[in-house]
1. Just to verify a result, which residue in region 94-127, among those that are within 21 Å of PRO198 (Cβ to Cβ) and open to solvent by 60 Å² or more (accessible area, probe 1.4 Å), is farthest from the chain's Cα centre (by Cα)?
2. Give the residues of region 143-161 that are touching a His at 6+ places or on another chain (Cβ under 8 Å) and either open to solvent by 50 Å² or more (accessible area, probe 1.4 Å) or among the hydrophobic types (A, V, I, L, M, F, W, C) (or both), sorted by residue number.
3. Based on this model, can you work out whether LEU230 counts as touching a Ser or Thr at 6+ places or on another chain (Cβ under 9 Å) and at pLDDT below 95?
4. Considering each of THR164, THR209 in turn, give the residue that is among the hydroxyl-bearing types (Ser, Thr, Tyr), within 28 Å of LEU32 (Cα to Cα) and either open to solvent by 40 Å² or more (accessible area, probe 1.4 Å) or not in a loop (DSSP other than H, G, I, E, B) (or both).
5. Are any residues in region 240-277 aliphatic (A, V, I, L, M) and either in contact with a His (Cβ under 8 Å, 6 or more places away or on another chain) or buried (at least 17 other Cβ atoms within 10 Å of the Cβ) (or both), and if so, which ones?
Amino acid sequence: MKLKKIFALLCLPSLFFLVSCQKEETEPDPELETTFKLSGDQAISESINDDATVVFFEASVGAGLYRVNGTVETTNTLSCATVTVTPQNTTFPKTIVIDFGAGGCTSADGIVRKGKINITLSDYVHNPGSTAVMTFDNYYAAGFKVEGTVTWTNTSTPNGVSWTRQITNGKVIEPLGGYSWTHEGTKNVIQTAGANTPLNLLDDVYSVTGNHTVTNPAGKSRTVTILEALEKKTTCHNVTKGKMKIQGVNHFAILDYGDGTCDNIATITIDGNPPRTILLP
């Protein structure tokens, strides 16, 4: 009987070690969870900044700041904002203020926006070499507060319409003023459909490549590289297709936007493990 008690006592450390190991194996790796969170954050950043670009284009068309075949045409496409342009003549640069109001409003595309987007435009939007510098004044889109500077540059050639979009000091704050993250990077955009109808934004489709860095409040950063060009349709609020690679410390994640369906669903896979689904705003 005494030997049985001694044997049982000797087994306790081994049993404790086994339980401890099992517990450690089931606890999530904080670095992996950071990568997962920042992958989703970057996807939200993409949606919000794509949305700001569409708003800029709509305001420009409505204000007659597109030059088409040597002429200027005006089409009012922005359904829910007050757009002010100065100076109101043919000289540049121009200042554009897109004001959704302090209380906000819902546009025709179903997105709730409030606050202002301020833009300095160097030339007509469709002229190669033109630039637009966008900043945000207490601006919110889909509940997310947007900060930073977006510099849009027209890089079009006779072969097609294209531009770059550089973000500096970018910051997004989640609804209710909680968690936030910063992001910076440059995207190269090529228009793949709708170039022949520049005043009709609804048939526009874009292919996006480039790199980004996204950082959480604790200073943890991840480098984001577009592996397969992102497909962005004006009629869809989110990216509909393409993949991004998010590089972690000793692992990486793949963010997959799907097969081209216009929805708010994407998946994140880390090191080949089963994918996790996220919902975009």
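1. Filtering region 94-127 for residues that are within 21 Å of PRO198 (Cβ to Cβ) and open to solvent by 60 Å² or more (accessible area, probe 1.4 Å), the one farthest from the chain's Cα centre (by Cα) comes out as ALA108.
2. VAL161
3. It is false that LEU230 is touching a Ser or Thr at 6+ places or on another chain (Cβ under 9 Å) and at pLDDT below 95.
4. On the way: THR164 fails: within 28 Å of LEU32 (Cα to Cα).
Being among the hydroxyl-bearing types (Ser, Thr, Tyr), within 28 Å of LEU32 (Cα to Cα) and either open to solvent by 40 Å² or more (accessible area, probe 1.4 Å) or not in a loop (DSSP other than H, G, I, E, B) (or both) holds for just one of THR164, THR209, which is THR209.
5. Result: MET244, ILE246, ALA253, ILE254, LEU255, ALA266, ILE268, ILE270.
Quick grid of which residues meet (1) out of contact with any Gly (no Cβ under 9 Å at 6 or more places or on another chain); (2) among the acidic types (Asp, Glu); (3) closer than 30 Å to CYS262 by Cβ; (4) free of Cβ contacts under 8 Å to residues at least 24 places away in the same chain:
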residue: THR90; (1), (2), (3), (4): yes, no, no, yes
residue: LYS94; (1), (2), (3), (4): yes, no, no, no
residue: ASP109; (1), (2), (3), (4): yes, yes, yes, no
residue: GLY115; (1), (2), (3), (4): no, no, yes, no
residue: LEU121; (1), (2), (3), (4): yes, no, yes, no
residue: VAL125; (1), (2), (3), (4): yes, no, yes, no
residue: SER130; (1), (2), (3), (4): yes, no, yes, no
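The values are calculated or read from the model by the stated rules, or taken from the named source; none is laboratory data. Treat the numbers as computed from the prediction; the structure is a model and nothing was measured. Every residue, glycine among them, receives a Cβ derived from its backbone with ideal geometry; neighbour counts consider all protein chains shown. Quick note on the areas: whole protein, heavy atoms, side chains included, nothing else; ligands and nucleic acids left out. Shrake-Rupley method; radii C 1.70, N 1.55, O 1.52, S 1.80 Å.
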